[in-house]
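Notes to accompany the following structure.
The values are calculated or read from the model by the stated rules, or taken from the named source; none is laboratory data. Only a predicted model underlies this, so the values are computations on that prediction, with no experimental measurement involved. Here the Cβ is made from the backbone with ideal geometry for all residues, glycine too, and neighbour counts use every protein chain on show. When the accessible area is computed, the model is the full protein with side chains, heavy atoms only, and any ligands, DNA or RNA have been set aside. Shrake-Rupley method; radii C 1.70, N 1.55, O 1.52, S 1.80 Å.
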Amino acid sequence: MRTGAAALITAPVVSTAQAQPVRTAETPDAAVARLVEGNARYVAGKMNERDFSAGRALRAKGQAPFAAILGCADSRVAPELAFDQPPGELFVVRVAGNFVTPDGLGSLEYGAAVLGVKAIMVLGHTSCGAVNAPVVALQKGNDLPGHIADLVRAMKPAIEPTLKQPGDDLYQRAVIANVRSNVQRLQEATPILADMVKAGKLRVVGAVYDLPTGKVGMV
Ligand SMILES: [Zn+2]
């Protein structure tokens, strides 16, 4: 009996010590669906109520984000808001123009292989200045100042083919081409991400955030 009583007393303590945040989506498809559902709440203005102080102690013990986002640095596109997610759910890498850099790739590999995210979304957006700049630079052949020119050089291979295609919506086509190119880069990134994608443990998807509506559409 003494053992039983001791077990009763110690059990909650042990379980608290071992408690870790639980992942809210355990498959790639479920992770993508969770992003889509969160964005629908955001678009409808029906976001979940947040108490940011709740769960802080638990989050100090670890993290189990269900998805990673490679998004633009643009101040108008905040992934946690756009997908209505609290702290601990999204592993976010942001760079102007949402393209894959060596450091960003390392971060996303960490998110997938160590933290266990089930999906990576490359998230572009309408009216992206970082995508528009290379389009203009390619058309006019002018250089941008400082390290901004490095952004243009990095994004040029993905964007340049759209300049040769007919159509009026050049800037939007460039946004989509840039997203698709970087989805492919991540899907083929050896040795970590490509293997996880092949094994069905990870999905890499592309999407564009529409600034006027807040809606995220897959591309
Ligand atoms: Zn942008």
Could you check how many residues of the range 119-161 are open to solvent by less than 10 Å² (accessible area, probe 1.4 Å) and within 22 Å of the chain's Cα centre (by Cα)? 11
Residues in the range 171-179: is at least one of a type in the set (F, W, Y), within 16 Å of the ligand (Cβ to nearest atom) and surrounded by fewer than 22 Cβ atoms within 10 Å (Cβ to Cβ)? yes
Quick one: in the range 59-98, which of the residues that are within 16 Å of the ligand (Cβ to nearest atom) and in a strand (DSSP E or B) is surrounded by the most Cβ atoms within 10 Å (Cβ to Cβ)? L70
From S107, S127, residue being within 16 Å of the ligand (Cβ to nearest atom), among the hydroxyl-bearing types (S, T, Y) and either out of contact with any strand residue (DSSP E or B) (no Cβ under 9 Å at 6 or more places or on another chain) or modelled with pLDDT of 95 or more (or both): S127
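May I ask you to verify whether G116 is open to solvent by less than 20 Å² (accessible area, probe 1.4 Å) and part of a loop (DSSP other than H, G, I, E, B)?
Here the answer is yes, as G116 does meet what is asked.
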So, in the range 196-219, of the ones that are in contact with a strand residue (DSSP E or B) (Cβ under 9 Å, 6 or more places away or on another chain) and in a loop (DSSP other than H, G, I, E, B), which residue ends up nearest to G111 (Cα to Cα)? L202
